[in-house]
Structures are given as structure tokens and as C-alpha cells.
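The values are calculated or read from the model by the stated rules, or taken from the named source; none is laboratory data. This structure is a prediction, so every number in the text was calculated from the model and none was measured. Cβ placement follows ideal geometry from the backbone for every residue including glycine, while neighbour counts extend to all protein chains displayed. In case anyone asks, the SASA skips ligands and DNA or RNA and just uses the protein heavy atoms, side chains included. Shrake-Rupley method; radii C 1.70, N 1.55, O 1.52, S 1.80 Å.
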Amino acid sequence: MTTDTTFDTAVSLRRSPAFSDADLADLSRAFEGGGPHEVVGWACEAFGPRLVLSASFADTLLIHIAREIDPDIEIVFIDTGFHFAETLATVRRALEHYSLNLSVVHPNLEPADVWGSGVESCCGARRVAPLERFLAARADAWLSGLRRDDSSDRLSAPILGRDRRGVVKINPLASWTRPQLDRFARDNDILVNPLTSAGYSSIGCWPCTEPSTGDDLRSGRWSGSTKTECGLHQ
Ligand code: SF4
């Protein structure tokens with residue numbers, strides 16, 4: 001594992017010259033009938049080493065698929081300083097199991113600062129800023145495990161698009177349902193964070209995550225507040 005804290009250059013918003021927004025929308029529609037392997041294969045071909053995968057380590061499903069196509073693909077994990085012990089144990093198990101090319105990025109904050117100026121600002125400093133510094137330094141495109149059935153806010157998520165930073169964002173699992181995910185995980189010995197079987201359908205930082213309730217798989221995140229997203233996917 002490489003622990004890289006050197007991505008402190010100013011975030012440069014830019015657009016990859018290779019694909020227009022219209023190109024991405026066309027490709028996204030074309031990929032709707034395919035599967036995640038096809039999407040990841042295209043992304044590896046299109047972006048080469050400038051493609052990274054952002055992993056939360058709720059499971060290693062997307063990592064498994066991506067490594068079947070490019071075993072050296074760079075994985076980035078945002079260590080907010082407030083992950084559950086089970087999540088950090090899953091990172092360690094994945095490192096041993098897959099020999100990951102893993103970069104761990106950190107916020108420029110002390111852990112004691114949690115919520116000092118509210119959850120929006122905490123997520124901005126602990127999650128969004130470290131990923132943005134990393135993307136600005138290393139990537140033209142990033143893979144995420146975001147799915148439409150995570151929550152009503154994500155129902156219209158495209159497979160391919162451009163994020164607000166100007167970086168191409170790829171959600172190869174966007175159309176997969178939870179049962180599909182569980183079946184693939186079972187059939188392929190995917191590593192799964194043990195909190196999942198304790199009712200945590202979405203796993204973030206321990207101060208802001210509870211087991212989910214009802215059909216909304218992200219209902220346990222920032223429970224009791226109006227916040228539904230950390231900002232990474234906007
Ligand atoms: S999930 Fe909670 S603790 Fe983690 S960065 Fe966001 S507000 Fe801070």
C-alpha cells in the first residue's frame with residue numbers, strides 16, 4: 001500500500017479533450033445494454049494509466065472486475081480518519097488478496113476536528129478535497145461503484161458522464177440491483193465488509209453511519225439530517 005499525502009496542488013478544473021459531453025452521453029446510452037466488464041474494458045482502453053478507481057471497501061466487486069481487465073489499475077481509498085475498524089480491516093484483506101496498486105489519501109485536518117463546522121464542511125474537507133487533489137494530479141477519468149438503486153437521488157445516474165471537476169466519471173455498476181450484486185459477490189468470492197451483514201447497506205464514517213432501514217439503502221447515512229450525499233458524486 002502506498003500512503004500518498006502529496007496531492008496538495010491546487011485543484012485544476014479541466015476537460016479531457018478526447019470526448020465531448022455529447023460523445024459521453026452517446027456512449028453511456030450504448031453501454032446500457034452491456035455489463036460492467038464491457039464498460040471497464042472501454043475505460044481502460046480509452047484512458048490507460050490516467051484511469052483510477054475510487055473504492056469505499058464496502059466490498060471488492062468493482063475492484064475484482066477492474067483487475068480482471070487491468071491488474072495494475074490504480075485504486076484510491078480516501079481515509080477520512082473516521083472509518084469503521086471493519087472497513088480498514090477490509091482494506092487490509094483486499095491488499096493481501098489482490099496485491100492492489102493502492103493509494104491512500106488523507107484530509108489536511110486533525111481527526112479531532114470532526115464536525116467542527118458542520119457535516120457539509122467535514123465531508124468537503126475529509127472526502128471531497130482529498131479526492132479532488134488526487135484526481136487533479138493523477139487522472140482523466142475515474143471509476144466508482146455508484147448504483148441507481150442505492151437511493152432515489154441516484155435513480156438517473158448515467159453510466160458515463162463528466163463530473164463538476166471536468167473529469168470523466170464512470171459508474172459501471174449503475175444499472176445493477178442489490179440482488180445482482182449479491183449474486184455476483186457470492187459466485188466470485190468477493191470480499192465483503194462484515195458490516196454489510198449487520199444491516200449497513202451503505203458504509204461511510206462511523207460518526208455518520210447507522211444500519212439502513214426500509215428500501216433506501218443509504219438511509220443509514222447522516223440519519224436524522226437532510227444530507228444524502230458526501231459530495232464526491234456531484
Ligand atoms: S461522513 Fe461524517 S465524519 Fe465522514 S467526512 Fe462526512 S461528515 Fe465527516
Name the residues in region 202-217 that are open to solvent by less than 40 Å² (accessible area, probe 1.4 Å), of a type in the set (A, V, I, L, M, F, W, C) and near the ligand (Cβ under 10 Å from one of its atoms), would you? Cys205, Cys208
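In the set Arg93, Arg147, which member is under 15 Å from the mean Cα position of the chain (by Cα) and more than 14 Å from Ile78 (Cα to Cα)?
The match here is Arg147.
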Within region 64-81, is there a residue that is touching a Pro at 6+ places or on another chain (Cβ under 7 Å), of a type in the set (A, V, I, L, M) and outside any helix (DSSP H, G or I)? yes
Within the bounds of region 186-196, is there any residue that is of a type in the set (Ser, Thr, Tyr) and either touching a Lys or Arg at 6+ places or on another chain (Cβ under 7 Å) or at positive phi (or both)? no
Conditions (1) open to solvent by 40 Å² or more (accessible area, probe 1.4 Å); (2) under 19 Å from Leu61 (Cβ atoms) -> Leu191 fails only (1)
Where Ala185 falls short, out of the listed (1) open to solvent by 50 Å² or more (accessible area, probe 1.4 Å); (2) in a helix (DSSP H, G or I); (3) farther than 20 Å from Ser152 by Cβ: (1)
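Would you check if Leu88 is within 16 Å of the ligand (Cβ to nearest atom) and in a helix (DSSP H, G or I)? Spell out the reasoning first.
Details: within 16 Å of the ligand (Cβ to nearest atom): yes; in a helix (DSSP H, G or I): yes.
Yes.
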Any pair with Cβ under 9 angstrom, 6 or more apart, that starts in region 66-87 at a residue that is more than 30 Å from Glu38 (Cα to Cα) and ends at one that is open to solvent by less than 40 Å² (accessible area, probe 1.4 Å) and basic (Lys, Arg): Thr80/Arg126; Thr80/Arg127; Gly81/Arg126; Phe82/Arg126
Scan region 39-63 for residues that are on the phi < 0 side of the Ramachandran plot and outside any helix (DSSP H, G or I) and jot them down. Leu51, Val52, Leu53, Ser54, Ala55, Ser56, Ala58, Asp59, Thr60
Quickly run through region 49-58 and pick out the residues that are open to solvent by less than 30 Å² (accessible area, probe 1.4 Å) and more than 15 Å from Val167 (Cβ to Cβ). Ala55, Phe57, Ala58
Which of (1) under 18 Å from the mean Cα position of the chain (by Cα); (2) near the ligand (Cβ under 10 Å from one of its atoms); (3) open to solvent by 30 Å² or more (accessible area, probe 1.4 Å) is the odd one out, the single condition Arg67 does not satisfy? (2)
Could you list, in sequence order, the residues of region 198-234 that are farther than 19 Å from Asp149 by Cβ and not in a loop (DSSP other than H, G, I, E, B)? Ala198, Cys205, Trp206, Pro207, Cys208
Residue list for region 54-102, filter: of a type in the set (Ser, Thr, Tyr) and within 21 Å of Lys169 (Cα to Cα): Ser54, Ser56, Thr60
Regarding Ser117, is this residue in contact (Cβ under 8 Å) with a residue 24 or more places away in the chain and of a type in the set (S, T, N, Q)? no
